[in-house]
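Notes follow the structure.
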Amino acid sequence: MELHKLKPAKGSNKKRKIVARGVGSGRGRSATRGTKGAQSRSGYKYRRNFEGGQTPLQIRVPKIGFNNPNRTEFYPINLDLLDHFCEKFGTDEISTELLVEKKVIKKYHKVKVLGRGELDRAVKIKVNAISEAAKKHIENKGGSVTLL
């Protein structure tokens, strides 16, 4: 191997495209940009969602729905989950403070008890909201419900 015979691999070095150097260069006159229009002029930039003058998608598609800013979001907990928590935590009193302490919910969550599942014991509950079916089921088992 001799240093003066070293060459880069074939195809690794590309010649730079030189444009706008006269008609004789083969890329003169309009400098490979075509003729006329915004794209042929300097300083042209297109928007991300530009569709060539066609009405853009976000305007063509109708607006639907409504987001109520005053809606209260509840974290749902069913009766079968309450039963599971009673066994796991070894208590018959369940409140939002206990659920936050045990990292079941975040402190900003509001809890609503729903009526899916069964309870095996009398439970005292302190929550933000409860469904009628769940309230009836808890009170039939001898438990009590306190709304915060």
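Grab the strands (runs of 3 or more DSSP E) fully contained in segment 1-119, keeping just those with 3 or more residues being touching a helix residue (DSSP H, G or I) at 6+ places or on another chain (Cβ under 8 Å).
The qualifying strands (runs of 3 or more DSSP E) are 110-114.
When you go through (1) modelled with pLDDT of 90 or more; (2) aliphatic (A, V, I, L, M); (3) surrounded by 10 or more Cβ atoms within 10 Å (Cβ to Cβ) one by one for L148, which number turns out not to apply?
Tallying (1) modelled with pLDDT of 90 or more; (2) aliphatic (A, V, I, L, M); (3) surrounded by 10 or more Cβ atoms within 10 Å (Cβ to Cβ), L148 fails exactly one: (1).
Looking only at segment 120-131, filter to residues that are among the hydrophobic types (A, V, I, L, M, F, W, C) and outside any strand (DSSP E or B); which one of those is nearest to the chain's Cα centre (by Cα)?
Taking the candidates together, the pick is V123.
To keep it simple, each residue is scored yes or no on (1) touching an Asp or Glu at 6+ places or on another chain (Cβ under 6 Å); (2) touching a residue at least 24 places away in the same chain (Cβ under 8 Å); (3) under 20 Å from L147 (Cβ atoms); (4) among the charged types (D, E, K, R).
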site: K63; (1), (2), (3), (4): no, no, no, yes
site: N67; (1), (2), (3), (4): no, no, no, no
site: R71; (1), (2), (3), (4): no, no, yes, yes
site: N78; (1), (2), (3), (4): no, yes, yes, no
site: T96; (1), (2), (3), (4): no, yes, yes, no
site: L114; (1), (2), (3), (4): no, yes, yes, no
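Just checking, which of F50, F74, F66, F85 is more than 28 Å from the chain's Cα centre (by Cα) and of a type outside the set (A, V, I, L, M)?
F85
Please find, among N49, N78, N70, N128, the residue that is at pLDDT below 90 and of a type outside the set (D, E).
N49
Being out of contact with any Ser or Thr (no Cβ under 9 Å at 6 or more places or on another chain), surrounded by 14 or more Cβ atoms within 10 Å (Cβ to Cβ) and within 24 Å of R71 (Cα to Cα) is the filter here, so list the residues in segment 85-99 that pass it.
T96, L99
Give me the residue from segment 100-120 that is over 16 Å from H137 (Cα atoms) and in contact with a strand residue (DSSP E or B) (Cβ under 7 Å, 6 or more places away or on another chain) and, out of that set, surrounded by the most Cβ atoms within 10 Å (Cβ to Cβ).
Among them, the one singled out is V111.
The values are calculated or read from the model by the stated rules, or taken from the named source; none is laboratory data. Keep in mind the model is a prediction, meaning the values are calculated, not measured. When we count neighbours, we look across all protein chains shown, and the Cβ atoms used for this are built from the backbone with ideal geometry, even at glycine.
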